[in-house]
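Working notes for the structure below.
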Amino acid sequence: MTDDTNRAAEVLKDHRASIDRLDAILVYTLGERFKHTQAVGRLKAEHALPPSDPTREATQIARLTNLADQADLDPEFAKKFLNFIIQEVIHHHEQHQS
Ligand SMILES: C=C(O[C@@H]1C=C(C(=O)O)C=C[C@H]1O)C(=O)O
């Protein structure tokens, strides 16, 4: 291996260590978010509220799109990602009500 290749391997290792830490943050963050949404689901079931709230979702999408812009994250990706999570939450809420 050349010095150049060795340096590249070190840089790659450092990036991957950061990626692993960030992935852990994402997983723990999602775990905490789902704890709250499950509590919301129980509350909605107890009070006969609908599983989804399109007005709240639209507010969140607008907020996240704006944050994504500031964070150099593709806003379309941020939107798709949040929608994906929200659909899972709504599915949980439907299960609470059945
Ligand atoms: C968590 C809620 O339920 C649903 C899920 C949402 C979410 O995951 O952020 C937002 C709105 C609702 O469609 C809520 O009403 O706040």
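The HN-Hα couplings worked out from phi for segment 43-53 by the Karplus form 6.51 cos²θ - 1.76 cosθ + 1.60 (θ = phi - 60°) are 4, 4, 5, 5, 10, 6, 8, x, x, 10, 9 Hz, whole numbers, x standing for Gly and Pro. Partners of LYS44 within straight-line reach, counting lysines whose Cα lies under 23 Å from its Cα and excluding those fewer than 8 residues away in the same chain: LYS35.
Here the 3J(HN,Hα) profile of segment 30-40, calculated from phi with Karplus coefficients 6.51, -1.76 and 1.60 at θ = phi - 60°, is 5, x, 5, 4, 5, 4, 5, 5, 5, 5, 4 Hz, Gly and Pro shown as x.
Based on DSSP H segments of at least four residues, each scored -39500 (n - 2.57), the chain has a per-residue ellipticity at 222 nm of -30500 deg cm²/dmol. Derived scalar couplings between HN and Hα for segment 69-80 equal 4, 5, 8, 6, 10, 4, x, 5, 5, 4, 5, 4 Hz in order, rounded to whole Hz, by the Karplus curve 6.51 cos²θ - 1.76 cosθ + 1.60 (θ = phi - 60°), x for Gly and Pro. For the chain, the C-alpha radius of gyration sits at 1.53 times the compact-globule guess of 2.2 N^0.38 Å, with N the residue count.
Within the listed set ARG33, ARG56, ARG42, the Gaussian network model of the chain (springs between alpha-carbon atoms below 10 Å) gives the highest mean-square fluctuation for ARG56.
Read the figures in this text as sums done on the coordinates, not as results from a lab. What you are looking at is a predicted structure, and each value in this text was computed from that prediction instead of being measured.
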